[in-house]
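Each remark here refers to the structure printed beneath this line.
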């Protein structure tokens, strides 16, 4: 079983067992909030999951084809149109991206991931003002998703509006301090902007998160050390720790996911592809702690909706 099948199996398992989206009663719970949603055909979800895996691996043309096939099963909602827009943007197909995002907005203009992906797309085109507007709309519609606030803060900084950027980051530091990605982003921005007090607070928060992760972890020692290093922002130490585990145990799924996350954060596409290509039959299941890392990886490469599918449930 290669990595794509692992990811696909995990995503489908979460959709059927954890997310309960294939049943006629489609009440969904996210972050403790229950909302009612429309029924989505199982065939459409199967295509969505397969496409999401390919998008996560950077196989954008194959992903686009699968997303477009999904429209024949479920073209009435914003989800598939949003993903088509996001992938078309990555493939430098602006006309298709614009049409897809417009279709998603007509289906549901209050769909937060639409504005998040539209912001990313506009940013890639250098349309910073329009991208910031879309990101702020994503924050308004889905304020619990810290990724939208981080994106909006980065865009505000690019535009030269540092007060707005820091209002967004400081709000996250107060209300969403736990995700390591939040503190890592704040630390990077503080270092860039020569904000020593903010940098120290973020560094202290990362260290505390790393200690808590290490104390509560159930994963083996070598993987745990790499996991603690990664949560603390130590990419080099995490990479080395994962490699030391993978050397004698190439089927260690936890170490493989950590190595993939490091390659993704370092934007080392060759390393990422090499790890995916070398992945074989996993010799151990992915632990709960590392499933969260996998969810974050898919969230960055695909979008928050796929991250929610993979996140472990309490």
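The values are calculated or read from the model by the stated rules, or taken from the named source; none is laboratory data. Small disclaimer: the values here were computed from a predicted structure and weren't measured. Ideal geometry is used to build each Cβ from the backbone, glycine not excepted, and the neighbour counts take in all protein chains shown.
Would it be correct to say that residue 127 is in contact with a helix residue (DSSP H, G or I) (Cβ under 9 Å, 6 or more places away or on another chain) and free of Cβ contacts under 8 Å to residues at least 12 places away in the same chain? Spelling it out, residue 127 is indeed in contact with a helix residue (DSSP H, G or I) (Cβ under 9 Å, 6 or more places away or on another chain) and free of Cβ contacts under 8 Å to residues at least 12 places away in the same chain. Looking at residue 187, is it more than 17 Å from the chain's Cα centre (by Cα), on the phi < 0 side of the Ramachandran plot, in contact (Cβ under 8 Å) with a residue 40 or more places away in the chain and not assigned by TED's automatic domain parsing to the domain that holds residue 67? Spelling it out, residue 187 is indeed more than 17 Å from the chain's Cα centre (by Cα), on the phi < 0 side of the Ramachandran plot, in contact (Cβ under 8 Å) with a residue 40 or more places away in the chain and not assigned by TED's automatic domain parsing to the domain that holds residue 67.
Restricting attention to region 80-119, the residues that are in a helix (DSSP H, G or I) and touching a helix residue (DSSP H, G or I) at 6+ places or on another chain (Cβ under 7 Å) add up to 27.
Per the listing 201, 270, the residue uniquely at pLDDT 70 or above, surrounded by fewer than 20 Cβ atoms within 10 Å (Cβ to Cβ) and within 23 Å of the chain's Cα centre (by Cα) is 270. If you filter region 67-79 down to residues that are more than 16 Å from residue 134 (Cβ to Cβ) and touching a helix residue (DSSP H, G or I) at 6+ places or on another chain (Cβ under 6 Å), you find that the one that is surrounded by the most Cβ atoms within 10 Å (Cβ to Cβ) is 67.
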